[in-house]
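Engineer: This structure is in structure tokens; I'll ask about it shortly.
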Amino acid sequence: MDRIKIIGGAKLNGTIPISGAKNAALPLLITALLTPDTLTLKNVPNLADVNMLMRILRNHGLDLTIDGKRAGQHTQLGETVHLTARDIVDTTAPYEMVSRMRASFWVLGPLLARCGQARVSLPGGCAIGTRPVDLHLQGLKALGAEIDIEGGDVVASAPGGLTGARVVFPKISVGATINVLLAAALAKGETVMENAAQEPEIGDIANCLVKMGAKIEGIGSSTLHIQGRSQLEGAVHRVLPDRIETGTYAMAVAATGGEVVLEGARRSLLDAACDVLIEAGVEITETDNGLRVSRQDAELQPVTIETQPFPGFPTDLQAQFMGLMAKANGTSVIRETIFENRFMHVQELVRLGADIQLHGDTATVKGVGELHGAQVMATDLRASVSLVIAGLVADGETMINRVYHLDRGFERLEEKLSRCGANIERISD
């Protein structure tokens, strides 16, 4: 099993290209199930989760090809993927597949909308909370689906097709918004989704659907109007840059000091996180090709945050921010409001010398003068990269075990950091 070794103390200077957003790429791949034509996606990140989902989609009958890199082409440009679901050969997504990656549950809406039936296992994924799928099912029922739970599977049918309806989510859910949005694109008539998630990745999916022939109003807002079509067409769409990767590398630069240009990053995708970093003493400026992040002589200042749905501070940056605040000059308070079990990284950060106290959904982080390298273990995707940030500033050697979590969401992380001066390497046993 691979490990990552870091010798801390080096400042980061250089350029880091930002990959396509994992959280947009996954549902965009699933969007190909809605049309018999070819959907071409550009800037798709080469990640373990993306590759796993491609295998799952092939089981449904989707043909998939990936363009090779041309001579002299930048090796860190995202992949171009062509997906064609001319015939859906299987409307079942079994436990052994869905349990390995929660996002594969999103095939439910498209399969139901296009084929009139689907059998999809209840999902697995990161152990960061219960994350029930009841809102997904409620939304699909509102569109006319008949749904039962049999042997741990969701069995859904709509023999006469789905029909547009008013769907009001009692609370914001990114996953439910995606599933209902994809289903509504092929439903008869208009669907109005209220209290929909506003994450940029939702907007990216909606924009792709528009290119495929769907009519959607309110993109980027909490109310979406979707005029369903009997059939969608093929399209070419570029995946937007990954705001979580952007924020992660910005926090790494904030921790180590130095100056890095995050190539392709967009500030508008993570204004809340940028504002927090500026408050902590980091300089962030927009450039023609991305964001310049710099911290030279200024001390890191403590900042109190609370995770919120977009446009608030992202829960997917909470762990990284905690790793950063471990070195701040004072005490910060971090409240996690999205997932009830997303502090598993705390004990591993404490092994590096961090001073963190937990009280329910709140962590109090007292900045320390030095962190010290140690053996640590990644518990989930975002937790693992918080240990990387802490390791970059820790004295001595940090060894991060179970880094397969990193490969699920960060493309060539050690390569990108080492090109900017970090002493980091992957060790394969």
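Engineer: Report whether or not Ala48 is hydrophobic (A, V, I, L, M, F, W, C), modelled with pLDDT of 95 or more and closer than 27 Å to Tyr249 by Cα.
Structural biologist: In short, no.
Engineer: Here are some conditions: (1) touching a residue at least 40 places away in the same chain (Cβ under 8 Å); (2) closer than 16 Å to Leu277 by Cβ; (3) out of contact with any strand residue (DSSP E or B) (no Cβ under 8 Å at 6 or more places or on another chain). Pro309 meets all but one. Which one does it not meet?
Structural biologist: Status for Pro309: all satisfied but (2).
Engineer: Would you mind stating whether Leu12 is assigned by TED's automatic domain parsing to the domain that holds Gln375 and aliphatic (A, V, I, L, M)?
Structural biologist: Yes, satisfied.
Engineer: Give the number of residues within the range 98-112 that are crowded, with 23+ Cβ neighbours inside 10 Å and over 22 Å from Gly228 (Cβ atoms).
Structural biologist: 3
Engineer: Restricting to the range 368-389, name every residue that is hydroxyl-bearing (Ser, Thr, Tyr) and either out of contact with any His (no Cβ under 8 Å at 6 or more places or on another chain) or outside any helix (DSSP H, G or I) (or both).
Structural biologist: Residue satisfying the conditions is Thr379 alone.
Engineer: Filter the range 8-28 for residues that are of a type in the set (A, V, I, L, M, F, W, C) and assigned to a loop (DSSP other than H, G, I, E, B); which is surrounded by the fewest Cβ atoms within 10 Å (Cβ to Cβ)?
Structural biologist: It comes out as Ala10.
Engineer: Among helices (runs of 4 or more DSSP H) lying entirely in the range 192-295, which contain 2 or more residues that are under 21 Å from the mean Cα position of the chain (by Cα) and not assigned by TED's automatic domain parsing to the domain that holds Leu140?
Structural biologist: Fully inside the range 192-295 and qualifying: 243-256, 271-279.
Engineer: Contact list please: Cβ distance under 9 Å, first residue in the range 260-277 and touching a residue at least 40 places away in the same chain (Cβ under 8 Å), second residue surrounded by fewer than 21 Cβ atoms within 10 Å (Cβ to Cβ) and basic (Lys, Arg), pairs at least six apart or on different chains.
Structural biologist: Val260/Arg292; Val261/Arg292; Leu262/Arg292
Engineer: Does the range 52-62 include one or more residues that are touching a His at 6+ places or on another chain (Cβ under 7 Å) and over 27 Å from Met377 (Cβ atoms)?
Structural biologist: no
Engineer: Hey, does the range 121-135 have a residue that's touching a Ser or Thr at 6+ places or on another chain (Cβ under 9 Å) and at pLDDT 95 or above?
Structural biologist: The answer is no; no qualifying residue exists.
Engineer: Identify all residues within the range 143-173 that are outside any strand (DSSP E or B), within 22 Å of Leu29 (Cα to Cα) and at pLDDT below 95; write none if there are none.
Structural biologist: Ser173
The values are calculated or read from the model by the stated rules, or taken from the named source; none is laboratory data. What you see is a predicted model, and the numbers here were worked out from it, not measured in a lab. Every residue, glycine as well, gets a Cβ built from its backbone with ideal geometry; the counts of neighbours run over all protein chains shown.
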